[in-house]
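Worksheet: the structure to be examined is printed underneath.
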Amino acid sequence: MTPASTAPTTGAPTRARDTDTHCPYCSLQCGMRLRPTAAGTGGAPVDGPPVEVLERPDFPVNRGALCGKGQSAPALLARGVRLTGPLLRDRPGGPLRSAGWDEALDRVAAGLAAVRERHGADAVGVFGGGGLTNEKAYQLGKFARVVLGTANIDYNGRFCMSSAAAAHRRAFGLDRGLPFPLADLPHTGCLILVGGNPAETMPPALRYFRELRENGGTLIVVDPRRTRTAEQADLHLQPRPGTDLALALGLLHLVIADGLVDEEFVAARTIGFDRARAAAMAHWPDRVERITGVPVAELQRAASLFGCAATGMVLTARGPEQHSKGTDTVGAWIDLCLATGNAGRRYAGYGCLTGQGNGQGGREHGQKADQLPGYRSIEDPAARAHVAGVWGVDPDSLPRSGRSAYELLDGLGQPGGARALLLMGSNPVVSAPNAAHVTARLRGLDLLVVADLVLSETARLADVVLPVTQWAEEDGTTTNLEGRVILRRRALDPPAGVRGELWLLGELARRLGVPDGFPDDAERVFDELRRASAGGDADYAGISYRRIAAEDGVFWPCPDARHPGTPRLFLDRFATPDGRARFAGVTHRPAGEEPDREYPLHLTTGRVLAQYQSGAQTRRVAELNAAAPGPFVELHPRLAARLGIADGEPVAVVSRRGRAVAPARVSAGIRPDTVFMPFHWPGAGRANSLTNPALDPVSRMPEFKTCAVRVERLPGTAEKVSGGEDRGGRTVA
């Protein structure tokens, strides 16, 4: 980290040449090249981004293609967009003011120590993010356990991939989003994409689906909306939200009834098929049509296309996963793969389209409540001993499992819950379910510390805001959705007053009595991560910065320097004790909340092309805001006509938890019993004011993807559809 005394006053290139790196957004982690501009070459200040983005066609994942978010990512590096110095609040309800780093860190350390002394170690909570690099995620988990001694650390990835991860581990003994590279997709015979819209969420990946069809393969898309991705499909199934479990069981029923089970594979490489068969046979086509709304003829066609294909894949995304039964739902789709022999061989299998930039690596190295680095269980004595040895501490000093993400947020400021929170890389004021309730919990803390690159809605509530570096200003690794560990390279120095998360964790550790073990150098941290992960499920021991750069990424597990890495998992055996995959054998059950007379409609939520996650970054980019300037409520023409709602008219969506207001967008592409809202905006248009925090019993995933609502017409409304409040009560944009 550049010392404060010598740091430049504006971002400037550390070297006057192009830098190969990766996009800061989604889990594709697309390769890109950064070239300094006039604004980033020093001398007189020039407005605009200090670098421009060039194509990097040699990186195999995106082959040069980039979406608008990736192309415009340097806009966040421009002067005036991001935070450039710490902020403090002197009294509750007072304004945030500028401060120096020593004052800010002293305030944080004293506050954390006071809460810990008064209420115990678990009264200090830590909340991380799926966008943090592997090094930051690892160091944050180590800081929580070694310095703070708290069990209460979790991260926003619990809201994204946790149900798929739980189902993957239950079936195969190991979770990696995709157990095969994206390059395999065009070579499968039939691909079922469940609840994903990569045409808008990861556009460079859409070429793989197009190539699949060009090669003669079949694409089936399952989604309550006719999205841009669904328009590319050979068959679009449009179930009611919350019924994907019944749909998967109905397809498995038909595969069994039509004699399409791969009996040899089932006998040789799986266990538990009898239970899965019994569950599926209770979901006959007419029953599944009544539950899902998908006609029997479409069910039969889908089952035939998948069951008769030489190879098949199922990919799930947040649509089937973000439910109080998400683990079982993914398990049922895996059962369909296992029954047809579509697992553990080339061009076949189940995979999850991970969402956040480092959603895969972020869940592997210790920022989850139940986990130590290398995807180890924090309750496993051998795992505790191994990691404690790397950290140089007594295994008995490590805490046990803590609260999952929503449970951690729900308990803030309450008896037995955290009273201080250190938050990095997340914006739960916008992204958490039942968001108004979570916002109230954040307001009730004794101390809220937020490290972010912009003044997000959550940062506006904080007592201390710490400005941190961005992707182009630091080295570090991430792990993309394929399990490919890649390397982001530093192209710029950060502005004066901005520090990296590794540096600030080290400074806080020293102030809290742990002077060693928290270096600022990302490569040193990664080398320690390699040792901590060695022998674990996510084994990075054989991966180095030099090797990543030479090979365009290395697939884990990679246990030593001679190992080639593992692009394809499970070809010889599954990662279970006996090498066999497990059928889930699950049955359908209703969503946590079903429509009724008072709330007769389903609400489902999701993303749009020009925005990303809570929008904290993308809402600050002019061209992205021009393309997607605010929230909306998508509803079917029949529903709009029944309610007397015109396209563009403001409407209110009301659930048992809250109310959101946004313009209507009338579309024949959505089911008449369903409305859709994107979740990128705060204030009156905040979709997560409505969503249900009912949790999956295994993954602890909240039920973002369905809840019961009603829609109300608001003629002449003057309500705002964006904005929010800071902790001092002031309205903000």
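Gain on full extension, evaluated as 0.36 nm per residue between residue 552 and residue 622 minus their Cα-Cα distance, stands at 22.0 nm.
When every Cα-Cα distance of region 294-365 is counted in 10 angstrom steps from zero, the calculated P(r) takes the values 18, 40, 34, 8, 1 percent. Each label point was placed 7 Å from the Cα along the Cα-to-Cβ direction; for residue 370 and residue 496 their separation is 4.9 nm. Summary of the geometry: region 408-426 and region 19-88, compared by the centres of their Cα atoms, lie 33 Å apart.
Order of 290-298, 242-250 by packing, highest average Cβ count within 10 Å first? Write out the running numbers ahead of the final one.
Values: 290-298: 16.6, 242-250: 28.7.
Put in order of decreasing packing, that is 242-250, 290-298.
Remark: region 78-215 carries 28 Å² of accessible area per residue (probe radius 1.4 Å; ligands, DNA and RNA excluded). On the principal axes of its alpha carbon atoms, region 493-563 extends 40, 29, 15 Å, with the longest extent given first.
Within the full protein context, the accessible area of residue 308 is estimated at about 90 Å² for a probe radius of 1.4 Å.
Express as a percent, rounded to the nearest 5, the fraction of DSSP beta bridges in the chain (both residues included) that run antiparallel.
Numbers: 41 of 85 bridges.
Bridges in the chain are about 50 percent antiparallel.
Of 162, 149, 121, whose Cα points farthest to the positive end of the dipole of region 88-180 (charges on the beta-carbon: +1 Lys, Arg; -1 Asp, Glu; origin at the Cα centre)? Farthest along the dipole direction, towards plus: 162. Across all directions, the average flat footprint of the convex hull enclosing the Cα atoms of region 281-414 is 12.7 nm². Ignoring ligands, DNA and RNA, what percent of the 1.4 Å accessible area of the chain is carbon and sulfur? The computed percentage sits at 49. On the basis of the beta-carbon distance and an R0 of 25 Å, residue 396 and residue 117 show a calculated FRET efficiency of 0.75.
Which loop GluC sites (Glu not before Pro) in region 299-408, with loop taken from DSSP, have no more than 12 other Cβ atoms within 10 angstrom of their Cβ?
Within region 299-408, the qualifying GluC sites (Glu not before Pro) (loop, at most 12 other Cβ atoms within 10 Å) are 379.
All other residues with a Cβ under 11 Å from the Cβ of residue 203 taken together, and with Lys, Arg as +1 and Asp, Glu as -1, what is their net charge? Don't skip to the answer; put the middle values down first.
On the way: positive: 69, 207, 228; negative: 200.
Taking every Cβ under 11 Å from that of residue 203, the sum is +2.
At q = 0.05, 0.07, 0.10, 0.12 Å⁻¹, what is the base-10 log of I(q)/I(0) for the chain according to the Debye formula with one equal point scatterer per Cα and no solvent? Please give it to two decimals. Debye intensities relative to I(0), on a log10 scale: -0.22, -0.45, -0.97, -1.43. The Cα trace of region 327-379 gives Rg and Dmax of 14.2, 36 Å, the first to one decimal, the second as a whole number. Here the label points at residue 110 and residue 379, each 7 Å from Cα along the C-beta direction, are separated by 4.1 nm in the simple model. Inverting the pair-averaged 1/r between distinct Cα atoms of region 110-246 gives 18.3 Å as its Kirkwood hydrodynamic radius. Accessible surface computed residue by residue for region 586-663, with neighbouring protein chains in place and a 1.4 Å probe, gives 41 Å² per residue.
Surface calculation, 1.4 Å probe, protein heavy atoms: residue 163 sits at approximately 0 Å² accessible.
What's the local net charge at residue 234, with K and R +1, D and E -1, over the other residues with C-beta under 15 Å away?
Numbers: positive: 210, 213, 226, 301; negative: 211, 214, 223, 231, 298.
Local net charge: -1.
Need the C-alpha centroid separation for region 139-156 versus region 266-303, integer Å. Cα centroid to Cα centroid, the span is 43 Å.
Using a cut-off of 11 Å between beta-carbons, work out the net charge of the residues near residue 609 (Lys and Arg +1, Asp and Glu -1, residue 609 not included). Could you put the intermediate results ahead of the total?
Values: positive: 69, 228, 607; negative: 200.
Local net charge: +2.
Restricting the calculation to Cα atoms, region 24-139 shows an Rg/Rh of 1.10 when the hydrodynamic-style radius is the Kirkwood one.
Note down the Stokes-Einstein diffusion coefficient of region 157-307 in µm²/s, whole number, using a Kirkwood radius over alpha carbon pairs, 20 °C, and 1.002 mPa s. So the translational diffusion coefficient is about 129 µm²/s. Averaged per residue, region 288-422 has 26 square angstrom of accessible surface, using a 1.4 angstrom probe with ligands and nucleic acids left out. Between residue 440 and residue 97, the simple spin-label model (points 7 angstrom out along Cα→Cβ) gives 3.2 nm.
The values are calculated or read from the model by the stated rules, or taken from the named source; none is laboratory data. Note that the structure is a prediction, hence the values are computed from the model and not measured. Reconstructed Cβ throughout: ideal geometry from the backbone, glycine too, with neighbour counts over all protein chains shown. Accessible surface is based on the protein model in full, side chains and every heavy atom, while ligands, DNA and RNA are left aside. Shrake-Rupley method; radii C 1.70, N 1.55, O 1.52, S 1.80 Å.
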